[in-house]
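Derivation of every value follows stated rules applied to the coordinates shown; laboratory data play no part. Quantities reported herein were computed from a predicted structural model and do not represent experimental measurements. Cβ coordinates were reconstructed from backbone atoms using ideal geometry, including for glycine residues, and neighbour counts include every protein chain displayed.
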Amino acid sequence: MTKIIELHGITKTYQVGDIAVHALRGVDMVVHGGEFVAIMGSSGSGKSTLMNLIGCLDQPTDGEYILDSKAVNALTKNDYADIRNQKIGFVFQGFNLLPRTSALENVELPLFYDRTRRIADPHQAAMDALNRVGLGDRLDHEPNQLSGGQQQRVAIARALVNRPAIVLADEPTGNLDSRSSIDVLTVFQELNEQGITVILVTHEPEIAVYAKRVVAMRDGVIVDDNPVANRRNAANDLVEMPQDRDYMTVKQGE
């Protein structure tokens, strides 16, 4: 398998007044194309800092980051922006959808910032992305007309619209109930089976078991990195979960 992410001796230090906060203390990690990795750890473990560095939202204090065979440390700010727009899709805990704006318009938004104009028809690309996450019949719905799980699916479609090779998801089920969480995890597993590399940050072991590999962090270092022994299938688990009437009412638009 091709190495898509290589981290060598990555450190990140924040200066808070006179205090140096060492968020990452020499992280080494390799992610191959097509992996589904869960990064776990408690608050303050460094997992979100690591996610921000992988996503080019921040730069390391020291160490080397190689993304798709290119040394990220040597890139310009414009190069960083291009990577975020073209290679990486982001999904966040809070959905970050624009209110009073349709699902379709929310998904189209990243394409307005693509200076390369790689995608000739943004409108069609947004429709394709929403179809891909099972929301082809919700194109005109605004966020307040969608369930939490559906809003997160819109956010995933927005992450996919630029056709990235990597999707980074930071606590994507943190604001969802149990059923909606598994519903969203079915999407991540389906995307991963289609060849997209998925890296998911979570503090919940019951979420991490849907990944293929778990990287555990503590105090800014990786303390464990192993394949998931008994990986769960989200689609199967969703079928076995009891149907909640209120959830299904929103989902079916009754």
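With Cα atoms as the point set, the radius of gyration and Dmax of segment 70-135 evaluate to 13.7, 40 Å. Scalar couplings 3J(HN,Hα) for segment 106-112, obtained by applying the Karplus form with A = 6.51, B = -1.76, C = 1.60 to θ = phi - 60°, are 4, 6, 5, 3, x, 5, 5 Hz; x denotes Gly and Pro. The residues 133, 30, when put in order of fewest to most other Cβ atoms within 10 Å, stand as 30, 133. Pairs from the table (3/212; 47/212; 47/77; 3/77) lying more than 19 angstrom apart at Cα are 47/77; 3/77. Let me make sure I get this right: for segment 44-102, a, b and c are the square roots of the gyration tensor eigenvalues over alpha carbons, sorted descending. Under 1.5 in a/c it's rounded, otherwise prolate if a/b > b/c, else oblate. Which is it? Because a/c hits 1.5 or more and a/b fails to exceed b/c, segment 44-102 counts as oblate.
So what is the 222 nm mean residue ellipticity for the chain from helices alone, if each DSSP H run of at least 4 adds -39500 (n - 2.57) and you divide by all residues, rounding to the nearest 500 deg cm²/dmol?
Details: 9 runs with 83 residues, N = 254.
My calculation for the chain gives -9500 deg cm²/dmol from helical runs alone.
Using Stokes-Einstein with the Kirkwood hydrodynamic radius over Cα pairs, what translational diffusion coefficient do you get for segment 1-75 at 4 °C and a viscosity of 1.567 mPa s, in µm²/s rounded to a whole number? Numbers along the way, then the final one.
Values: Rh = 13.0 Å.
The Stokes-Einstein estimate is 100 µm²/s.
Here the Karplus relation 6.51 cos²θ - 1.76 cosθ + 1.60, evaluated at θ = phi - 60°, turns the backbone of segment 200-208 into coupling constants of 10, 9, 7, 10, 9, x, 6, 8, 4 Hz, with x for every Gly and Pro.
Based on C-alpha pairs under 8 angstrom that are at least 6 apart in sequence, the chain has a relative contact order of 26 percent.
If you run the Gaussian network model on the chain, springs between alpha carbon atoms under 10 Å, then out of 164, 227, 99 the most flexible one is 99.
Each label point was placed 7 Å from the Cα along the Cα-to-Cβ direction; for residue 14 and residue 235 their separation is 4.0 nm. Measuring nothing but alpha carbons in segment 16-148 and taking Rh as the Kirkwood radius, the Rg to Rh ratio lands at 1.01. Pairwise alpha-carbon distances in segment 118-254 exceed 19 Å for 54% of all pairs. Each principal axis of the Cα cloud of the chain was taken in turn, and the coordinate range along them, longest first, works out to 55, 42, 42 Å. Taking the Cα centre of the chain as reference, the dipole from Cβ charges on Lys and Arg (+1) and Asp and Glu (-1) amounts to some 420 debye. Relative to the Cα centre, the charge distribution of segment 30-153, modelled as +1 at Lys and Arg Cβ and -1 at Asp and Glu Cβ, gives a dipole magnitude of about 60 debye. Average 1/r across all pairs of distinct alpha carbons in segment 205-246, invert it, and you get the Kirkwood radius: 12.3 Å. A Förster radius of 51 Å combined with the Cβ-Cβ distance from residue 223 to residue 109 puts the calculated FRET efficiency at roughly 0.85. Between 143, 242, 60, the residue with the greatest mean-square fluctuation in the GNM of the chain (Cα pairs under 10 Å linked by springs) is 242. Under 5 Å between amide hydrogens, built in the peptide plane, is the criterion, and for residue 218 it picks out 223 among residues at least 5 positions away or on other chains.
Ranked by how many other Cβ atoms sit within 10 Å of their own Cβ, fewest first, the residues 18, 128, 28 fall in the order 18, 28, 128.
What does the charge count near residue 171 come to, summing +1 for each Lys or Arg and -1 for each Asp or Glu among other residues with Cβ under 12 Å from its Cβ? With Lys, Arg at +1 and Asp, Glu at -1, the neighbours total -1.
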